[in-house]
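To keep things clear, I will list the structure first and then write my remarks on it.
The values are calculated or read from the model by the stated rules, or taken from the named source; none is laboratory data. Since this is a predicted model, take the numbers as computed values, not measurements. So basically every Cβ, Gly included, is an ideal-geometry build from the backbone, and we count neighbours across all protein chains shown.
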Amino acid sequence: MSETPDPERMIDYMRDRAGAFMRILDGHIEAIDQQRGWARLRWHPTEACCHSGTIVQGGFVTSMLDAAMAHAITARVGVGMMAPTLELKVSFFRVCNPGLHYSEGSVVHCTRSVAFAEAQLTDAHGKLVARASATCKVAPLKG
């Protein structure tokens, strides 16, 4: 595992490395717990992310879940590491509409080379929208 700065510096590190999808979905890292390997993100997808009127496209829902797991793993393993997804399973429980949502990701088990994580996405009222689990490869960040 790599260097692990304090939580605020770690969140700044994650924000600096965020991809364009975070801006598209108006994603923000709210909190992390490095000991547990946990992260909470806030999202606000708009109608631009929808199909069929006001249904947020499933790929965006999956991205919100995947990001929560990736941030949880990064919180756990430290800076200078990456965790590309090897396997991902998503279960959708209700339609995701534009508006405020939260995803929480947590590390279930982590070795030096593999991490297992879970995440859930809820709406602004705390109703479960989707849940995911993933297996990720833990490796040094390249570049």
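A few comments on the model shown:
- Within segment 28-86, being crowded, with 23+ Cβ neighbours inside 10 Å and among the aromatic types (Phe, Trp, Tyr) holds for one residue alone: Trp43.
- Filtered residues of segment 25-39 (kept if in contact (Cβ under 8 Å) with a residue 40 or more places away in the chain and in contact with a Cys (Cβ under 8 Å, 6 or more places away or on another chain)): Gly37
- Where strands (runs of 3 or more DSSP E) sit wholly within segment 1-100, those with at least 3 residues that are in contact with a Gly (Cβ under 8 Å, 6 or more places away or on another chain) and hydrophobic (A, V, I, L, M, F, W, C) occupy 38-43.
- Among the residues of segment 87-127, the ones that are within 19 Å of Gly27 (Cβ to Cβ), touching a strand residue (DSSP E or B) at 6+ places or on another chain (Cβ under 6 Å) and among the aliphatic types (A, V, I, L, M) come to 5 in all.
- Residue in segment 123-135 that is among the aliphatic types (A, V, I, L, M) and in contact with a Gly (Cβ under 7 Å, 6 or more places away or on another chain) present: yes
- Checking each residue in segment 95-115 for being buried (at least 18 other Cβ atoms within 10 Å of the Cβ) and either touching a Phe, Trp or Tyr at 6+ places or on another chain (Cβ under 6 Å) or of a type outside the set (S, T, N, Q) (or both) picks out Cys96, His101, Tyr102, Glu104, Gly105, Ser106, Val107, Cys110, Ala115.
- In segment 118-143, residue nearest to Arg76 (Cα to Cα) [restricted to those that are of a type in the set (A, V, I, L, M) and not in a strand (DSSP E or B)]: Val138
- Applying the criterion of being closer than 17 Å to Gly59 by Cβ and touching a strand residue (DSSP E or B) at 6+ places or on another chain (Cβ under 9 Å) to the residues of segment 13-43, the residue that is modelled with the lowest pLDDT is Met22.
- Output for segment 11-47, where each listed residue is aromatic (Phe, Trp, Tyr), within 12 Å of the chain's Cα centre (by Cα) and closer than 18 Å to Val77 by Cβ: Trp38
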